[in-house]
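Worksheet: one structure, shown below.
The values are calculated or read from the model by the stated rules, or taken from the named source; none is laboratory data. Because the structure is a prediction, the values reported are computed rather than measured. Glycine gets a Cβ as well: all are built from the backbone with ideal geometry, and neighbour counts include every protein chain shown. We work out accessible area using only protein heavy atoms, side chains counted, and drop any ligands, DNA or RNA first. Shrake-Rupley method; radii C 1.70, N 1.55, O 1.52, S 1.80 Å.
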Amino acid sequence: MGDEAIMSAKEHGTCTKPPMKPLRWGCSYRTADRICCFNRHLAEFAGYWMQTSFIDDVKKHQQENKKIVFYDTIYGYALFEAPVGRTWNELLEESQAHGWPSFRDQEVLSSHVRVLGDGEVVSDGGSHLGHNLPDHKGNRYCINLVSIAGTEPKEQPKQKKQQQQDKKGNNKGLDGGGAAAASSAFKEDGEESKEIQNLQNLLLNEFATKYVKDRRYMFRVYKKCFVGKDLVDWLMSRKELMVERKNETAMLTRSDALAIGQDFLNMGFFSHVLGEHNLEDKHLFYRFQRDGGAFRKPGRRKTGPMLLISNIFKWYKSDFPAKEGGTFGFIRQHHPELKGEQFRKLTDNDVTIRYQMYDWRLNSVENGKKLKPLLFGTVTSS
């Protein structure tokens, strides 16, 4: 269990320094800096870890029947070692189902890992790692790959001995529960905030002027939208977004640009026109929120409303079987706009469901009450 003071303001956001370079598996430095040091509830986009070279590394370790030790991106602490008590296939299957690398109690090296009262998982140095989302099997640590993509410090004479001690004493888990809810405001330093604001202005002016237009797909025209691939190309062309690689200044890779664009989608700056995709480097249409965001498909046969709800309902869809009313049946019991008789007999087959990124602030009991609309979503009438 950890104290909220761990995440107090330091020299670099909640950390004493920025991420190390280079990061393992080709992880984005900028995304790591933002997620680890200036963030309490946002995450890399779901499936990000599958777009890195991490999978190739896993295959190598799988063939050699070896584990991987995951190191803190900021400090190089050994945080997790996996797989333990299960196979690589089982770990990957669980991680794919939920969108992020998922670890269990026996895979935690507890010397530097802390769980705060609202479920936020952090290192004792103040870097944000992810969240603890327990299920029927016990604690499940849902962790950003960019937060554990560090490398082992060269001088660590006591590291292996400490890891062995950690493995012996961590089976009880880290989540004590019942602590006061932590503040979960999205935090950034002044320089980072200014950089984001400048980029937003460029997107809404320079980029929008050139790329935002009415576009046709099949028999429908989508108003005021842009193409995901064009956004990635544009971000890569920006000299102010150049990064350092091996002590040299270089342009963004497509992976870097995609991660930056996804950060803006996560913040609600823009969305897929139908709310069906994260940012993809493809010919998919997206729309800025100022221009209307996600619209529903016209002429659909479904008679019920369209719901924009939290992604967590997608992760745990099996928990809402049709015979018990499905996802819509559960949401209808809690959403104030769905109490009417006209909604009582509707099922998942009658409504259109779109998913939005899960807001980690909901893990706090206190914040959960305030931010309930983020979980149960918004409703658009037919």
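Some values worked out for this structure:
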{"item": "Residue check for THR73: touching a helix residue (DSSP H, G or I) at 6+ places or on another chain (Cβ under 7 Å), under 18 Å from ASP124 (Cβ atoms), touching a residue at least 24 places away in the same chain (Cβ under 8 Å) and not aromatic (Phe, Trp, Tyr)", "result": "yes"}
{"item": "From the options LYS314, LYS297, residue that is within 25 Å of LEU145 (Cβ to Cβ), surrounded by fewer than 18 Cβ atoms within 10 Å (Cβ to Cβ) and modelled with pLDDT under 80", "result": "LYS314"}
{"item": "Failed condition for LYS210, given (1) at pLDDT 75 or above; (2) open to solvent by less than 70 Å² (accessible area, probe 1.4 Å)", "result": "(2)"}
{"item": "From the options ARG40, ARG30, residue that is touching a Lys or Arg at 6+ places or on another chain (Cβ under 8 Å) and modelled with pLDDT under 95", "result": "ARG40"}
{"item": "Sole exception among (1) at pLDDT 95 or above; (2) open to solvent by 30 Å² or more (accessible area, probe 1.4 Å) for SER53, by number", "result": "(1)"}
{"item": "Count of residues meeting criterion [open to solvent by less than 10 Å² (accessible area, probe 1.4 Å) and not aromatic (Phe, Trp, Tyr)] in the stretch 100-116", "result": "8"}
{"item": "Criterion: at pLDDT below 80 and part of a helix (DSSP H, G or I) - qualifying residue of GLU276, GLU244, GLU240", "result": "GLU240"}
